[in-house]
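This report refers to the structure that appears directly beneath it.
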Amino acid sequence: MFTGLVRSLGVVERIDNNQLEVIGVDFPFALGDSVAVNGVCLTVSYKIPNGFGADVSPETWQRSNLGFLKVGNRVNLEPSLAVGDKLGGHFVSGHVDGLGTLRSMTRQENSWWLDFAIPHRLQRYVAEKGSVAVNGVSLTIATCNDGFQVAVIPHTFYHTNLQHINSNVPVNLEMDILAKYVESLIQPEVSQGITPEFLKEHGY
């Protein structure tokens with residue numbers, strides 16, 4: 001479990017068909033630890049100078065933007081949440097729901113306005129002032145339509161790889177886990193159709 005608060009910007013050192021090596025890690029970690037890399041939960045398989053290597057499954061390559069990375073690219077890094085840690089962002093599981101695309105980035109007086117296109121199947125999880133993780137960064141949705149828009153403050157912009165994203169490389173999206181649990185809980189009833197009896201039973 002993570003919070004979406006990036007601890008350091010790592011650099012891709014090596015990448016191949018089943019492993020990813022990252023350097024520039026400035027927090028303590030051990031073999032077997034979970035680390036979010038661009039919001040993807042990976043397990044530290046081995047250590048290298050100033051970094052670590054992780055095994056990456058074909059499923060993870062295909063469902064995340066890790067497969068788009070190249071040596072030298074910067075990635076957001078966050079260690080897993082420990083008991084007693086502050087919850088400054090929101091609960092992030094490190095499981096990518098889909099890929100989004102940056103449509104525009106506009107400099108404002110004290111922030112950057114980022115507009116993202118997202119898959120249609122994820123739009124139902126988007127709510128104004130709700131939470132979303134973009135490349136593992138916890139952000140608050142400012143407005144939403146066929147995608148969503150966020151206002152990124154300077155600290156977040158300069159301390160994450162949001163400053164480096166462009167429309168050519170997709171971003172990892174993890175929607176609010178609470179929204180997904182709520183959907184899972186009500187899905188059996190919804191699948192039966194909305195009837196007067198259903199509405200009455202639920203207080204409408």
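Coordinate-derived values only; no laboratory data. The structure displayed is predicted, hence computed values, not measured ones. Note that each Cβ is placed from the backbone with ideal geometry, even for glycine, and that neighbours are counted across all protein chains shown.
Table for the structure above
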{"item": "Residues SER8, SER138, sorted so that the one with the fewest Cβ neighbours within 10 Å comes first", "result": "SER8, SER138"}
{"item": "Over the chain: helical MRE at 222 nm, DSSP H runs n ≥ 4 each giving -39500 (n - 2.57), nearest 500", "result": "-4000 deg cm²/dmol"}
{"item": "Inter-part distance where the stretch 80-100 and the stretch 1-58 are each reduced to a Cα centre, Å", "result": "15 Å"}
{"item": "Degrees separating the helix 177-191 axis from the principal Cα axis of the chain, which is the longest one", "result": "40 degrees"}
{"item": "Backbone HN-Hα couplings from phi across the stretch 106-119 [Karplus 6.51/-1.76/1.60, Hz, Gly and Pro as x]", "result": "10, 6, 10, 4, 9, 6, 10, 9, 10, 10, 10, 8, 9, x"}
{"item": "Local electrostatic count at HIS164 - Lys and Arg +1, Asp and Glu -1, tallied over other residues with Cβ under 14 Å", "result": "+2"}
{"item": "Residues GLU197, GLU174, GLU21, GLU183 arranged by fewest to most Cβ contacts within 10 Å", "result": "GLU197, GLU183, GLU21, GLU174"}
{"item": "Top positive-direction residue, dipole computed over the stretch 98-182 with Cβ charges, set THR156, MET175, HIS120", "result": "HIS120"}
{"item": "Sequence-distant aspartates and glutamates (8 or more away, or on other chains) whose Cα lies within less than 19 Å of LYS200", "result": "GLU189"}
{"item": "Efficiency of FRET from Cβ geometry, GLU128 and GLU197, R₀ 41 Å, rounded to 0.05", "result": "0.85"}
{"item": "Whichever aspartates and glutamates have a C-alpha closer than 13 Å to that of LYS70, once near sequence neighbours (fewer than 8 apart) are set aside", "result": "GLU13, ASP16, GLU21"}
{"item": "Net charge, LEU139 excluded, C-beta distance under 12 Å - Lys, Arg +1, Asp, Glu -1", "result": "-1"}
{"item": "Footprinting exposure proxy for CYS41, CYS144 (fewest neighbouring C-beta atoms within 10 Å first)", "result": "CYS144, CYS41"}
